[in-house]
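As structure tokens, the structure follows; a few thoughts come after it.
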Amino acid sequence: MLLNEQKAADLRIVALGGGTGLGNLLRVLKGLGCAPTAVVAMTDNGGSSGKLRADFGMLPPGDVRSCLLALSRSEPEMERLLCYRFPDDSTLCGHNVGNILLAAIMQAESVDFAAATERLSALLAIQGRVLPVTTDDVALGAVMEDGAALAGEVEIAADKRRIKEAFLLPDCQPRAEVIQAIEQAQYIFIGPGSMYSSLISNLLVPGLAEALKNSPAQVYYISNMATEPGEMPAAELSRSVAALEYHFRRATGLGGHLIDKVIANVGLYSPELLAELQAGGSRPIICDAGKLAAYGVEILTADFVDGKNVWQHNKQKLAEILRQELKLQ
């Protein structure tokens with residue numbers, strides 16, 4: 001077991017995304033003994049993150065905080081503290097301790113967001129690294145199916161029209177350590193996560209798609225379990241892959257494919273779980289292997305259904321397939 005843990009810690013793994021999906025994956029990788037590098041999208045403009053952006057001009061801390069907690073060696077204890085949200089009748093209404101702590105480090109130590117993230121990483125003794133994809137003030141934009149353009153994650157998610165393509169504004173630059181991590185990676189995981197705000201927003205940062213193209217790593221797309229209103233309403237998995245490949249080709253101006261392997265759920269939901277999904281406006285993603293073949297990907301399937309969280313992969317089931325792919329057995 002010790003030899004396997006040592007081997008896992010030595011693997012150069014990069015995971016790109018944001019939100020709860022990336023946090024869930026990081027917990028699985030940490031449980032396997034890996035020390036992954038998380039590359040986190042920086043376009044969130046809602047909730048506590050949006051308020052801190054407006055008040056302090058800082059980058060959105062929410063997804064970074066979630067990833068730091070996921071990789072913390074004392075996760076349960078730190079999660080109770082850093083996820084505590086101040087009550088509605090307080091002056092800090094809507095904020096949680098972790099976001100405020102990142103803002104405080106920036107202010108108290110006169111450092112930028114990346115340095116504050118590194119500082120909190122050390123305080124939490126995380127297993128791996130968490131890197132903002134960019135430290136430029138950037139927002140997500142989208143062209144809708146009727147040609148209308150919108151700006152801001154919150155505004156885009158609230159719109160009922162289908163997204164035709166996404167873009168970033170204004171111009172931004174990736175962090176140098178992000179490009180280096182991708183270039184040196186052995187395995188790269190994209191997803192699970194919100195298609196445009198967590199996944200494609202990373203691909204659109206100039207230079208990142210090219211780094212993925214040139215990296216010798218195997219690139220995996222871990223499919224979401226269910227559709228998400230405002231992000232990816234189509235249930236067919238091939239539609240998700242098509243969106244990623246389209247934006248990848250547009251970003252690089254090159255041919256070829258981004259994704260080498262797709263990890264997809266083929267487990268069935270019980271009627272009770274289906275009802276829970278439907279109540280949230282979601283449906284299970286369908287693995288349409290025939291259409292996926294056009295993208296030249298290898299499809300890895302298993303039952304990832306979780307009886308407690310219908311939108312996320314069961315961690316033990318996901319760990320098993322990742323253990324096989326990372327050759328940790």
Item checked: Full-stretch length increase - Ala275, Ala176 - with 0.36 nm per residue and alpha-carbon distance subtracted -> 31.1 nm
Notebook entry, point to check: Efficiency by 1/(1 + (r/R0)^6): what FRET value for Leu81 and Asp136, r their Cβ-Cβ distance, R0 = 30 Å, to the nearest 0.05?
Noted result: 0.50
Check: Among Arg283, Arg129, Arg80, which one shows the biggest mean-square fluctuation in a GNM of the chain, springs joining Cα atoms closer than 10 Å?
Finding: Arg80
Check: Looking at Ile190, Ala209, Thr227, which one has the Cα that reaches farthest to the positive end of the dipole of region 136-227 (charges on Cβ: Lys, Arg +1; Asp, Glu -1)?
Finding: Thr227
Notebook entry, point to check: How many nm separate the modelled label positions at Glu183 and Ala235, each set 7 Å beyond the Cα in the direction of the Cβ?
Noted result: 4.5
Check: Computed over the Cα atoms of region 169-238, what is the convex hull's projected area averaged over all directions, in nm²?
Finding: 5.2
Checklist line | Efficiency of FRET between Ala158 and Lys308 - r from beta-carbon atoms, R0 35 angstrom, step 0.05 | finding: 0.80
Next item on the list: Let me know the Rg and Dmax you get for the chain when you use only its Cα atoms, in Å.
Entry: 18.9, 56
Checklist line | Cα-only radius of gyration and Dmax that characterise region 95-141, units Å | finding: 11.5, 35
Next item on the list: Would you compute, for the Cα atoms of region 195-286, the largest minus smallest coordinate along each principal axis and list the three values in descending order, in whole Å?
Entry: 45, 24, 16
Check: What does a probe at Val266 reach in region 292-319, counting residues whose amide N is under 16 Å from the point 7 Å along Cα→Cβ?
Finding: 292-293, 297-305, 318
Check: Taking the Cα centre of the chain as origin and charging only Cβ (+1 Lys, Arg; -1 Asp, Glu), how large is the dipole, in debye to the nearest 20?
Finding: 600
Checklist line | Relative contact order of the chain, defined on C-alpha pairs under 8 angstrom at six or more residues apart (%) | finding: 17
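Over 26 Å between C-alpha atoms is what I'm after, so list which of Lys51/Lys160; Lys261/Lys327; Lys7/Lys291; Lys30/Lys51 land there. List each step's numbers first, then the result.
Working: Lys51/Lys160 24 Å; Lys261/Lys327 15 Å; Lys7/Lys291 36 Å; Lys30/Lys51 31 Å.
The answer is Lys7/Lys291; Lys30/Lys51.
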Item checked: Equivalent ellipsoid, region 121-161 (semi-axes from 5 times Cα gyration tensor eigenvalues, Å) -> 34, 11, 8
Next item on the list: Could you check the simple spin-label distance between Thr301 and Lys315, using points 7 Å along Cα→Cβ, in nm with one decimal?
Entry: 2.8
Next item on the list: Compute the FRET efficiency between Arg73 and Asp146 as 1/(1 + (r/R0)^6), taking r as their Cβ-Cβ distance and R0 = 41 Å, and round to the nearest 0.05.
Entry: 0.25
Margin query: Could you work out the pair-distance distribution P(r) of region 250-293 from its alpha-carbon pairs, with 5 angstrom bin width and percents rounded to whole numbers?
Written below: 5, 15, 19, 15, 14, 14, 8, 7, 3, 0
Check: Which Cα, out of Ile179, Ala157, Leu52, lies furthest along the positive dipole direction of the chain (beta carbon charges, K/R +1, D/E -1)?
Finding: Ile179
Next item on the list: Using a 10 angstrom cutoff on alpha carbons, build the Gaussian network for the chain and name the most mobile of Glu79, Glu183, Glu145.
Entry: Glu145
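Values quoted throughout were computed directly from the atomic coordinates according to the rules given, and no laboratory measurement underlies them. It should be emphasised that the depicted structure is a prediction, and the values quoted were computed from it without experimental measurement. Note that we place each Cβ from the backbone using ideal geometry, even for glycine, and neighbour counts take in every protein chain shown.
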